[in-house]
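The values are calculated or read from the model by the stated rules, or taken from the named source; none is laboratory data. Note that the structure is predicted; figures quoted are calculated from it, not measured. Using ideal geometry, Cβ is built from the backbone for each residue, glycine included, and neighbour counts are taken over all protein chains shown. For the accessible areas, the whole protein counts, side chains as well, though only heavy atoms, and no ligand, DNA or RNA atoms are used. Shrake-Rupley method; radii C 1.70, N 1.55, O 1.52, S 1.80 Å.
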Amino acid sequence: MAELPDSAAETLIEHGAHETVAGHHEVATGSDYIVHHLHPLTVGEGFWTIHLDTLFVSIGLGALFLYVFRLAAQRATSDVPGPLQNFVEIVIEFVDAQVRDSFHGHNPVIAPLALTIFCWVFLMNFMDLIPVDLLPELAAVVGIPYLRVVPSTDLNATFAMSLGVLFLVYYYNIKVKGGFGFTKEVLSHPFGIKFFPFNLLLRIVEDLAKPISLALRLFGNMYAGELIFILIALLPWWIQFTLGWPWAVFHILIITLQAFIFMVLTIVYLSMAHEVEEH
């Protein structure tokens, strides 16, 4: 059993959670606690449902990334650099090295795109290191019943980013190879034009696999990490730090690795879109 704040417990009761009463505090089961933390703040119904917490947290983190890097650019100096400039230069050099190694075309957009993807996804993942009850309880004070603060644990967010990558893949395929060249590649690769139905089928499967693998890999890892933090929060307070601290340290590696994988796969897919067969 995990005792919730009044506001959070009342929300659970309003949505069907009914447990024992201890004084003036409602007590919810562990399953109710987990469901509450994994429930997004939504508006609308059916297909048109919008996850407001995912939307606003993502936009806020994107704005934070732009602000920090713009501030570093404005304060950049050829003299002894400050800590912010050093940090930003390290990140840029790291991403630039990955682009040089993985991208074999010529496109000035790829490096800034890769930098944006890496930093943005990392910041989304980093929200998982904030104590699970902190921001939701603060939101409950102002009347917000649900708040999921890790956008990358929302399948809508990860699929939206992966579909954006797929759109860029098609855009650069057509731009670099032309409409005729791209169509010819789809119908003739890899077995030749005589087997174009098989070639087309393989291409459809390949193109569907790209966004699905991108979205599910990021979502699955981050969702599992968030769930473990929630389960640790259900334990007695005296053991939470003992288990939570090692997992948080290990999770830093996970959130960085997932941002890196998303960035590298995006670079590879765009590199393939820029390849033109020579005969």
Under-5 Å amide H pairs with THR42, H placed in peptide plane, nonlocal only: LEU52
Note, ³J(HN,Hα) from phi for the range 127-139, Karplus 6.51, -1.76, 1.60, rounded to Hz, x at Gly and Pro: 4, 5, 8, 6, x, 4, 8, 5, 5, x, 5, 5, 5
Å² of accessible area per residue within the chain, as computed with a 1.4 Å probe and no ligands counted: 58 Å²
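Evaluated at 37 °C with a viscosity of 0.692 mPa s, what Stokes-Einstein diffusion coefficient in µm²/s does the range 63-212 have when Rh comes from the Kirkwood expression over alpha-carbon pairs?
On the way: Rh = 19.2 Å.
It diffuses with D of about 171 µm²/s by this estimate.
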Convex hull of Cα atoms in the chain, direction-averaged projection (nm²): 20.1 nm²
Segment PHE250-LEU201, length gained on full extension (0.36 nm per residue, minus Cα span): 13.5 nm
Between helix 155-188 and the chain: long-axis angle, C-alpha atoms, 0 to 90°, nearest 10: 10 degrees
Within the range 237-279: backbone nitrogen closer than 20 Å to the ASN107 label point (7 Å, Cα to C-beta): 260-278
Under Karplus coefficients 6.51, -1.76 and 1.60, residue-wise ³J(HN,Hα) of the range 92-101 in Hz, glycine/proline x: 5, 5, 5, 5, 4, 5, 5, 5, 4, 6
Which of SER213, GLY225, PHE195, positive extreme of dipole for the range 185-227 (C-beta unit charges): PHE195
